[in-house]
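Here the structure is laid out as structure tokens; the discussion comes afterwards.
The values are calculated or read from the model by the stated rules, or taken from the named source; none is laboratory data. As the structure is a prediction and not an experimental result, all values here were calculated from the model. For neighbour counting, all protein chains shown are included, and Cβ atoms are generated from backbone atoms with ideal geometry for every residue, glycine included. When the accessible area is computed, the model is the full protein with side chains, heavy atoms only, and any ligands, DNA or RNA have been set aside. Shrake-Rupley method; radii C 1.70, N 1.55, O 1.52, S 1.80 Å.
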Amino acid sequence: MPPVDGPRKTSVPPLRSGCPISLSSGRRAMASAKVSKQHDMAFDGVRVMLTPERATELLEHNQLNRPVKDQHVKRIASQIVSGKWRFNGDTIKISDDGGILDGQHRLWAIIEAKVAVETIIIRGIAREAFATIDTVRAPRSGGDTLSLLGVSRHRNIVSGALCWYLRHRRGVLESYRAPQNRVENSDIEAAFEQNRNIAKAVDKAMRIRRLANPSVIGFVYYVASTRNPALAERMMAVLENPAGVSVTDAFFMLRSHFASGFDPKKRDPVQSIALAFKALNAAHNDLELKHLKWQSQGQVAEEFPRLNIMADKAEAA
């Protein structure tokens, strides 16, 4: 395995799990000669299908010995294996002496995934240019992705709501911070194509943005509306204006929790979703509550609540 966040000690890439790179001296000589020959052939700016074998050759010729971040390699490899990695014009930049200036993690990911990837290889970059690579690039957000799909309002909030929707679908709400549960922009794009009305849900959630996180409420409202539209509307009505509602009403208690003085941006989103689900379940069953809470830790810890509010045909009509 390559060192995590540490320099490699030799120019030959270390072993990665499942993809040995132990090459004979003859094979190394052939690989180096092949790379040198490609360099002599003015290989600048060529679009290629980069195979794991070719990636191995490029890494073997690399002399820069930069740290390898294993988690980043796994993230890219996962995208490749799942078919979400797309040709986007990004390049593998190689110095005039064969060092990998940019693209080292992509090369490792191709080896890890054991899948060829289409990319562009640029050769002949001065090694001194390394200090300027990726120093001013702004990362693309989920909101940027949605802008290309025609979303013009609250793009980042809609993106956040889609992230919560995907985490809920995957059953990882409580462990959403784990690297393996990261939501990629490609996931957001695909989810929005199938759930475009979530943008309307966020529009409505923005009315109470000073009370609760609109990404969280937009997600909860959207999911609830797909199962029980009338109940979802009542929840939003009480959250916006609780006048005339009993203090034992589940949605009144949910609003009281949100109005408890915490900054909506600092409130635990997982707890907010759990309490919203519990309030929806209680309201669906016409239950009056003395309190609304979710115990996530300790000896009496509760499981994350399931949302059981499906309207029957008569109620939906």
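General observations
- Using θ = phi - 60° and Karplus 6.51 cos²θ - 1.76 cosθ + 1.60, couplings along the range 91-96 (whole Hz; Gly, Pro as x): 10, 8, 9, 10, 6, 5
- Surface listing: Arg123, Arg196, Arg86, Arg227 arranged by accessible area from highest to lowest gives Arg86, Arg196, Arg227, Arg123, probe 1.4 Å.
- Around the Cα centre of the range 45-116, unit charges on the Cβ atoms of Lys, Arg, Asp and Glu (plus for the first two, minus for the last two) sum to a dipole of about 440 debye.
- 3J(HN,Hα) along the range 71-76, derived from phi through the Karplus expression 6.51 cos²θ - 1.76 cosθ + 1.60 where θ = phi - 60°, amounts to 5, 5, 4, 5, 5, 5 Hz, with x in place of Gly and Pro.
- The accessible-area ordering, largest first, of the residues Phe252, Phe262, Phe130, Phe219 stands as Phe262, Phe130, Phe252, Phe219, per a 1.4 angstrom probe.
- Straight-line cross-link reach from Lys93 at under 19 Å between alpha-carbon atoms covers these aspartates and glutamates, not counting any fewer than eight positions away in the same chain: Asp40, Asp44, Glu53, Glu57, Glu60, Asp102, Glu118, Glu128, Asp134.
- Probe 1.4 Å - accessible area at Met206, Å² to nearest ten: 30 Å²
- Across Leu146, Leu289, the residue with the most accessible area heads the list, and the full order at a 1.4 Å probe is Leu289, Leu146.
- Calculated P(r) tail over 15 Å for the range 118-194, as whole % of Cα pairs: 65 percent
- Projecting the Cα atoms of Gly218, Gly142, Gln194 onto the dipole axis of the range 130-261, where Lys and Arg carry +1 and Asp and Glu carry -1 at the beta carbon, places Gly218 farthest toward the positive end.
- The alpha carbon convex hull volume per residue for the range 101-239 rounds to 164 Å³.
- Tensor-based shape of the range 209-316 (alpha-carbon gyration tensor, a/c under 1.5 rounded, otherwise prolate or oblate): rounded
- Cα centroids of the range 235-302 and the range 59-125: 47 Å apart.
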